[in-house]
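Here's the structure, in structure tokens; my notes come after.
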Amino acid sequence: MKARISVLTLGVSNLEKSVSFYRDGLGLPTEGIIGQEFEHGTVAFFDLGGGLKLALWSQSDVAHDTGLPLQPPSSTSFTIGHNVSTMEEVEAVMAAAERAGAEIVKRPVPTFYGGYAGYFRDPDGHLWDVVWNPHLLPPAD
């Protein structure tokens with residue numbers, strides 16, 4: 001297996017609400033909800049950069065497709081890291097997430113590795129880590 005991830009899929013309880021959170025609240029680009037003509041195929045994709053896409057798919061459709069029982073997400077089993085270029089950008093992203101309805105789990109604070117970071121949960125409890133790490137800066141746009 002090559003070390004390459006192209007799509008990160010989050011199971012969500014309300015696709016429309018989650019699309020609004022990510023598109024309108026966080027400003028992520030999307031063409032909106034597609035696949036409504038397919039049973040269990042309704043999904044939304046967001047471009048994250050570097051060829052990576054975020055997919056939002058109903059939790060019940062994920063359960064149907066995999067054959068696994070529907071279960072609530074666990075915020076401590078998986079985090080999504082969003083590295084930014086400055087400490088001020090950490091604050092700006094966290095503020096945008098809060099305005100969009102995210103639960104702020106941990107306000108940004110200095111980190112043990114010399115960075116600055118905070119956590120928020122999206123409407124379904126998926127945990128995002130917003131980070132400025134002077135040793136792991138994102139590529140310039």
Does the stretch 62-75 include one or more residues that are under 18 Å from Trp132 (Cβ atoms) and touching a strand residue (DSSP E or B) at 6+ places or on another chain (Cβ under 8 Å)? no
Scanning for something free of Cβ contacts under 8 Å to residues at least 12 places away in the same chain, part of a strand (DSSP E or B), out of contact with any Cys (no Cβ under 9 Å at 6 or more places or on another chain) and of a type outside the set (Ser, Thr, Tyr), does the stretch 9-20 turn up at least one residue? no
Condition set crowded, with 16+ Cβ neighbours inside 10 Å and outside any helix (DSSP H, G or I), scope the stretch 57-67, selection nearest to the chain's Cα centre (by Cα): answer is Trp57
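Being in a strand (DSSP E or B) and within 16 Å of the chain's Cα centre (by Cα), is that true of even one residue in the stretch 68-77? Steps first, answer last, please.
Filtering the stretch 68-77 down to residues in a strand (DSSP E or B) leaves none.
No, the stretch 68-77 contains no residue that is in a strand (DSSP E or B) and within 16 Å of the chain's Cα centre (by Cα).
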Pull up the stretch 101-141, narrow it to residues that are of a type in the set (Ser, Thr, Tyr) and surrounded by fewer than 20 Cβ atoms within 10 Å (Cβ to Cβ), then point me to the one that is modelled with the highest pLDDT. Thr111
Phe21: passes all of (1) in contact with an Asp or Glu (Cβ under 8 Å, 6 or more places away or on another chain); (2) open to solvent by 20 Å² or more (accessible area, probe 1.4 Å); (3) not aliphatic (A, V, I, L, M) but (2)
Residue in the stretch 94-141 that is nearest to Ser58 (Cα to Cα), counting only those that are in contact with a Gly (Cβ under 7 Å, 6 or more places away or on another chain) and part of a loop (DSSP other than H, G, I, E, B): Pro123
Got a number for residues in the stretch 34-56 being among the β-branched types (Val, Ile, Thr), closer than 25 Å to Pro72 by Cβ and more than 15 Å from the chain's Cα centre (by Cα)? 1
Of everything in the stretch 86-100, what is open to solvent by 60 Å² or more (accessible area, probe 1.4 Å) and in contact (Cβ under 8 Å) with a residue 40 or more places away in the chain? Give them in sequence order. Met87, Glu89, Arg99
The lone exception for Gly27 - which of (1) at pLDDT 95 or above; (2) open to solvent by 30 Å² or more (accessible area, probe 1.4 Å); (3) at negative phi it fails: (3)
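The values are calculated or read from the model by the stated rules, or taken from the named source; none is laboratory data. For clarity, every value in this text was computed on a predicted model and none was experimentally measured. Positions of Cβ are backbone-derived with ideal geometry, glycine not excepted, and every protein chain shown enters the neighbour counts. To get the accessible areas, we keep the full protein, side chains included, count just its heavy atoms, and leave off ligands, DNA and RNA. Shrake-Rupley method; radii C 1.70, N 1.55, O 1.52, S 1.80 Å.
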